[in-house]
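K.L.:
Pasting a structure below so you can have a look.
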Amino acid sequence: MHAPHWFAAFIDTLEPRPYGEEVLAALFINRLAEAIGAVTLHGERHRVSLPVREIVRRAAQARAALVLLLHTHPSGNSRPSRQDILLTHRLEADLALAGMALYDHIILAPHHYFSFRAAGLLNHSEKLALPLATPAPPPYRLPPALPGSRDSGPVGE
């Protein structure tokens, strides 16, 4: 994934701090798997609001294809609350209506995390793929040279 210059500072705001405030972030990703924008919200010690309409609006303005939602649970318990699950499903549905998809919702605790996608709690996540790591193809080798000519190695050597 291509990360812009502000990405490291963005990730730093999500570092779970014991007894700190909850932080929610929505990362907007385009079809080339590039981070193209984000929204970060700070809440209270045990809650942070999830403004579904605002996230959908900002994602559409950024022309995002996918949204990655992250939020912290400074308490140390990374399990989602009932409210976390309900609002995540609402965001997923609203993004789908706008032609976008929720890639995952990850809850970060100081020593654990919880992924809605990995837990199978998102409706369409199995259909989504992000090309985050693409292995380089092996060098192309030409067929063996004819007798009396020079042998070729991999292209580019």
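K.L.:
If you check Arg79, Arg63, which single one turns out to be surrounded by fewer than 20 Cβ atoms within 10 Å (Cβ to Cβ), more than 28 Å from Arg31 (Cβ to Cβ) and either at pLDDT 95 or above or touching a strand residue (DSSP E or B) at 6+ places or on another chain (Cβ under 8 Å) (or both)? Don't jump to the end; show me each part of the working.
P.N.:
Working: Arg63 fails: more than 28 Å from Arg31 (Cβ to Cβ).
Checking each option against the conditions leaves just Arg79.
So that you can scan it fast, the table gives a plain yes or no per residue for (1) in contact with a helix residue (DSSP H, G or I) (Cβ under 6 Å, 6 or more places away or on another chain); (2) assigned to a loop (DSSP other than H, G, I, E, B):
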| site | (1), (2) |
| --- | --- |
| Val39 | yes, no |
| Glu54 | no, no |
| Leu68 | no, no |
| His71 | no, no |
| Gln83 | no, no |
| Leu86 | no, no |
| Ala93 | no, no |
| Arg117 | yes, yes |
| Leu121 | no, yes |
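K.L.:
For region 107-123, enumerate the residues that are of a type in the set (S, T, N, Q) and either surrounded by 15 or more Cβ atoms within 10 Å (Cβ to Cβ) or at pLDDT 90 or above (or both).
P.N.:
Initial filter on region 107-123 (of a type in the set (S, T, N, Q)): 115, 123.
Residue satisfying the conditions is Ser115 alone.
K.L.:
Modelled with pLDDT of 90 or more and farther than 25 Å from Glu21 by Cβ: which single residue out of Asp94, Asp84, Asp104 fits that description? Before the answer, list the steps.
P.N.:
Numbers: Asp84 fails: farther than 25 Å from Glu21 by Cβ; Asp104 fails: farther than 25 Å from Glu21 by Cβ.
The conditions single out Asp94.
K.L.:
Kindly indicate whether His89 is more than 18 Å from the chain's Cα centre (by Cα) and surrounded by fewer than 20 Cβ atoms within 10 Å (Cβ to Cβ). Break it down stepwise before answering.
P.N.:
Numbers: more than 18 Å from the chain's Cα centre (by Cα): no; surrounded by fewer than 20 Cβ atoms within 10 Å (Cβ to Cβ): yes.
No.
Let's see how each residue does on (1) closer than 21 Å to Leu121 by Cβ; (2) not in a helix (DSSP H, G or I):
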| site | (1), (2) |
| --- | --- |
| Ala35 | no, yes |
| Ala59 | yes, no |
| Ala96 | yes, no |
| Tyr103 | yes, yes |
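The values are calculated or read from the model by the stated rules, or taken from the named source; none is laboratory data. The structure displayed is predicted, hence computed values, not measured ones. Reconstructed Cβ throughout: ideal geometry from the backbone, glycine too, with neighbour counts over all protein chains shown.
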